[in-house]
Amino acid sequence: MSTLTRAADIVGAAHLLTDTADTAAYTTDWRQRFHGRPLAVALPATTGQVAALVQLSRDTGTPLVPQGGNTGTVGGATPDASGRALVIALRRMNAIRAVDRDNATVTAEAGCTLAEVQAAAAGHGLLYPLSLASEGSCQIGGNLAANAGGLAVLRYGNTRELTLGIEAVLPDGQVIHALKGLRKNNSGFDAKQLFIGTEGIFGIITAATLKLYPQPNARATALVGIDSPAAAVALLHELHDRFGDRLTTFELISGQCLSLVAHHVPEVRLPFDCAWSVLFELSDGGEQAALDAQLFDWLDGRDAFVDAVLAQSGRERRELWRLREEISEAQRRDGPSIKHDIAVPVSAIPAFLDSCGRQLETAFPGCRIVTFGHLGDGNLHYNISHTRPGNTALFDDEQRVNEIVFSCAYAFDGTLSAEHGVGQLRRHWLARFHDPASMSLMRTLKTALDPAGLMNPGKLL
Ligand SMILES: Cc1cc2nc3c(=O)[nH]c(=O)nc-3n(C[C@H](O)[C@H](O)[C@H](O)COP(=O)(O)OP(=O)(O)OC[C@H]3O[C@@H](n4cnc5c(N)ncnc54)[C@H](O)[C@@H]3O)c2cc1C
């Protein structure tokens, strides 16, 4: 029996896509930088079907590519062009298996979108705090495999911190049943960590048990203008000292970003013009008026800002957030850019920006750097949109730009990716910059668990 016939027997013929028109949505990554050609796209509906597909892969030497919402930006879920790989798209595995209100956990299948999990939690008066602009499309399996971060990592942590349990199929077809919603469990190896942030190279996640939190009743949001990234780091410490873990988000935005937003999204109004801004939000379970008053008093007592705006209503809050949310779209409308999502320790951010900016300016006089991101957790989106006048052939300069940016991030004890991962895009850079012993450990584990290299080949390692 052929591989395709066996795959169709497992998932049902209607759920095995082979026509180019049907598979097209699964063969190109979100940024359209990677294009593949699969043998087929299989849409399993149960963990048993996933395990059977993995067994089929072993029997026939067929590579597998797990795929969630396909919103990743590094080509991690895109098959190669050989026409040999089977894409395993999890979208039919979209049941919320349980919400345990007293334990504050949700157990969701891998193909649930992030928005569906947020809604399930909200339906029980709880919060699943992971929040990404892609939340309507990205899936829980993809969130775990990419260890997604987003806007509220400062307070709640990234997906690794939010995951308590996992169900996953190993490359040998065994199913790990570890969906316990325990916050304490010292009984040996924590199997879920093998799958979180490892981009599907150690197996296919089929479900996860995730932490939930009380829904905040009050949110106070402010945009402050400052003169330097060092002032932003100082502000972060002061806010933490005063408001503790009620500080939920803390976003650094360069004046360049806001100029792009003003130019490309004219309906958005800039409250002020400043070299740097910080958009931050506090949240808690108390009264809105009380939180607003506390933040107002704190802002009122300070003279370290060039300017400041405190949202007075839900509408004003949304307007402030729109400034941040439109940056990516404004950049897209402005043309291509070489994107990075580096991280360095928060304390090193001013020095990183200074050093990396100088090195890029020396190599590419007049280059344009668009910087914004989650300063509260050390992660910056550091994008280069012009390397020379006219911006022609930007990507011809990508290797040299990356060399400078990644070298600089590692020089400050940072990393080449805090959110988007390695995938195909940064594989050779990881091998270059990552600690050799850690690389060797990853390769040893990969060889031990997947000796034939069939699980998401060509990604990460
Ligand atoms: C507009 C936009 C905004 C974004 N904002 C953020 C952000 O703020 N923070 C952030 O961290 N990311 C962000 N992302 C990136 C992306 O949305 C996240 O990485 C997300 O977690 C990917 O989920 P997905 O389901 O789309 O995964 P996919 O893109 O389908 O896959 C991502 C990786 O996970 C693997 N994978 C997928 N499902 C499984 C599974 N079930 N088992 C094993 N491996 C699997 C794939 O093989 C691939 O390597 C953004 C993307 C977009 C387009």
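Can you pull the one-decimal nm distance between simple spin-label points at Glu267 and Ala230, each 7 Å off the Cα toward Cβ?
Going from the Glu267 label point to the Ala230 one covers 4.2 nm.
How much area per residue is accessible in segment 366-461 when the probe is 1.4 Å and only protein heavy atoms are counted (Å²)? Let's see the in-between values first.
On the way: 4010 Å² over 96 residues.
I get 42 Å² per residue for this part.
Past the 20 Å Cα-Cα mark, which pairs from Lys184/Lys211; Lys184/Lys446; Lys339/Lys446? Kindly include the intermediate steps, with their values, before the conclusion.
Numbers: Lys184/Lys211 13 Å; Lys184/Lys446 28 Å; Lys339/Lys446 28 Å.
Listed pairs above 20 Å: Lys184/Lys446; Lys339/Lys446.
Can you give me the % of accessible surface on segment 335-420 that is carbon or sulfur? Probe 1.4 Å, all protein chains present, nothing else counted. Display every interim value, and only then the final one.
Values: 1730 of 3170 Å².
Taking all protein chains in place, segment 335-420 shows 55 percent carbon and sulfur surface.
Normalise the Cα radius of gyration of segment 16-81 by 2.2 N^0.38 Å (N = residues in it) and let me know the number.
Working: Rg = 12.1 Å, N = 66, 2.2 N^0.38 = 10.8 Å.
This ratio for segment 16-81 stands at 1.12.
Over all distinct alpha-carbon pairs, what is the Kirkwood Rh of the chain in angstrom? Present the calculation step by step, with values, prior to reporting the outcome.
On the way: mean 1/r = 0.0429 Å⁻¹.
About 23.3 Å for the chain.
Out of residues 5 or more away from Thr206 or on other chains, whose amide H comes under 5 Å of its own, with H placed 1.01 Å from N in the peptide plane?
Long-range HN contacts for Thr206: Glu167, Ala168, Val169.
Enumerate the calculated ³J(HN,Hα) couplings along segment 38-52 in order (Karplus 6.51 cos²θ - 1.76 cosθ + 1.60, θ = phi - 60°), each rounded to whole Hz, writing x wherever the residue is Gly or Pro.
x, 5, 5, 10, 9, 10, x, 10, 9, 4, x, 5, 4, 4, 5
Using the Cα gyration tensor of segment 218-329, with a ≥ b ≥ c the square roots of its eigenvalues, what is the shape: rounded (a/c below 1.5), prolate (a/b larger than b/c) or oblate (neither)? Kindly include the intermediate steps, with their values, before the conclusion.
Numbers: a/c = 1.95, a/b = 1.35, b/c = 1.44.
Oblate is the answer for segment 218-329, as a/c is 1.5 or above yet b/c matches or exceeds a/b.
Between Leu247, Ala207, Val261, whose Cα lies farthest towards the positive end of the dipole of segment 175-332 when Lys and Arg beta carbons carry +1 and Asp and Glu beta carbons carry -1, centred on the Cα centre?
Ala207
Using only Cα atoms and rounding to the nearest 10 degrees, what angle (0 to 90) does helix 288-300 make with the longest principal axis of the chain?
50 degrees
So how much slack lies between Ala81 and Ala24, counting 0.36 nm per residue of separation and subtracting their Cα-Cα distance, in nm? Show your work: numbers first, answer last.
On the way: separation 57, 0.36 × 57 = 20.52 nm, distance 1.28 nm.
My answer for the length gained is 19.2 nm.
I need to check one value: relative contact order of the chain, counting alpha carbon pairs closer than 8 Å and at least 6 residues apart, in percent.
Details: 954 pairs, mean separation 68.5, N = 461.
Here the relative contact order equals 15 percent.
Sequence gap at least 6, Cα distance under 8 Å: using those rules, report the relative contact order of segment 71-151 to the nearest whole percent.
On the way: 101 pairs, mean separation 20.2, N = 81.
In percent, rounded to a whole number, it is 25.
Could you report the accessible area of Thr60 in Å², rounded to 10, computed with a 1.4 Å probe on the protein chains as they sit in the structure?
Accessible surface of Thr60 is approximately 60 Å².
May I ask you to give the solvent-accessible area per residue for segment 197-279, in square angstrom, as obtained with a 1.4 angstrom probe? All intermediate terms of the calculation are to be shown ahead of the outcome.
On the way: 2800 Å² over 83 residues.
Result: 34 Å² of accessible area for each residue.
Once you have a ≥ b ≥ c as the square roots of the Cα gyration tensor eigenvalues for segment 94-160, tell me rounded if a/c is under 1.5, and otherwise prolate or oblate according to whether a/b is larger than b/c. Could the numbers behind the result be given before it?
Numbers: a/c = 1.66, a/b = 1.20, b/c = 1.38.
Verdict is oblate for segment 94-160.
Gain in length, Asp435 to Ala14, computed as 0.36 nm per residue apart minus the alpha-carbon separation, to one decimal in nm?
Values: separation 421, 0.36 × 421 = 151.56 nm, distance 4.56 nm.
Residue separation times 0.36 nm, minus the Cα-Cα distance, leaves 147.0 nm.
Just to check I understand the Karplus step: with θ = phi - 60° and J = 6.51 cos²θ - 1.76 cosθ + 1.60, what whole-Hz values come out for segment 241-254, glycine and proline as x?
Per-residue couplings from phi come out as 4, 7, 10, x, 7, 6, 6, 9, 9, 8, 10, 8, 9, 7 Hz.
Leaving out ligands, DNA and RNA, what percent of the accessible area of segment 218-329 is carbon and sulfur, probe 1.4 Å? Numbers along the way, then the final one.
Values: 2350 of 5040 Å².
Heavy-atom surface of segment 218-329 belonging to carbon and sulfur, 1.4 Å probe: 47 percent.
Among Val99, Thr20, Thr163, which residue has its Cα positioned farthest towards the positive end of the charge dipole of the chain, with +1 placed on the Cβ of Lys and Arg, -1 on the Cβ of Asp and Glu, and the dipole taken about the Cα centre?
Thr20
Which FRET efficiency, nearest 0.05, do Ala115 and Met1 yield, Cβ-Cβ r, R0 35 Å? Before the final figure, lay out the partial values.
Numbers: r = 39 Å, r/R0 = 1.12.
Computed FRET efficiency for Ala115 and Met1: 0.35.
Please calculate how many Å² of accessible area segment 3-89 carries per residue, with a 1.4 Å probe and no DNA, RNA or ligand atoms counted.
Values: 3480 Å² over 87 residues.
Computed with neighbouring chains in place, this is 40 Å² per residue.
Any chance you could check the Cα centroid distance between segment 324-386 and segment 157-193 for me, in angstrom?
35 Å
Just report the Cα centroid separation between segment 388-438 and segment 41-93, whole Å.
28 Å
Under 16 Å from the 7 Å Cα→Cβ point of Arg400, by amide nitrogen: which residues of segment 351-370?
357-369
Return the calculated 222 nm mean residue ellipticity for the chain, to the nearest 500 deg cm²/dmol, obtained by summing -39500 (n - 2.57) across DSSP H runs with n ≥ 4 and dividing by the residue count. It would help to have the intermediate numbers written out before the result.
On the way: 16 runs with 160 residues, N = 461.
Result for the chain: -10000 deg cm²/dmol, rounded to the nearest 500.
Mean separation of Cα pairs under 8 Å and 6+ residues apart, divided by the residue count of segment 1-114: what relative contact order is that in percent? Walk me through the numbers before you get to the answer.
On the way: 208 pairs, mean separation 29.8, N = 114.
Relative CO of segment 1-114 lands at 26 percent.
Residue by residue through segment 103-119, which ³J(HN,Hα) values in whole Hz follow from phi under the Karplus form 6.51 cos²θ - 1.76 cosθ + 1.60 (θ = phi - 60°), with glycine and proline marked x?
8, 6, 9, 10, 10, 10, 6, 4, x, 5, 6, 4, 4, 5, 6, 4, 5
Counting only protein heavy atoms, what percent of the accessible surface of segment 96-214 is carbon or sulfur at a 1.4 Å probe? Display every interim value, and only then the final one.
Details: 2310 of 4510 Å².
That share works out to 51 percent.
If you take the square roots of the eigenvalues of the alpha-carbon gyration tensor of segment 333-405 and sort them as a ≥ b ≥ c, do you get rounded (a/c under 1.5), prolate (a/b over b/c) or oblate?
Values: a/c = 2.25, a/b = 1.65, b/c = 1.36.
Prolate, since a/c reaches 1.5 and a/b exceeds b/c.
Name the residues whose placed amide hydrogens come within less than 5 Å of the amide hydrogen of Leu164, ignoring near sequence neighbours (fewer than 5 apart) on the same chain.
The list, which skips near neighbours in sequence, is Thr209, Leu210, Lys211.
Could you rank the peptides 303-310, 186-193, 247-254 by their average count of other C-beta atoms within 10 Å per residue, with the highest value first? Walk me through the intermediate numbers first.
Values: 303-310: 14.8, 186-193: 11.0, 247-254: 23.2.
In descending order of packing, they fall as 247-254, 303-310, 186-193.
Using Cβ-Cβ distances only, list the Cys residues of the chain with no partner cysteine under 4.7 Å, sorted by number.
Cys112, Cys138, Cys257, Cys274, Cys367
The values are calculated or read from the model by the stated rules, or taken from the named source; none is laboratory data. Treat the numbers as computed from the prediction; the structure is a model and nothing was measured. Here the Cβ is made from the backbone with ideal geometry for all residues, glycine too, and neighbour counts use every protein chain on show. These area figures cover heavy atoms from the full protein model, side chains too; ligands, DNA and RNA do not enter into them. Shrake-Rupley method; radii C 1.70, N 1.55, O 1.52, S 1.80 Å.
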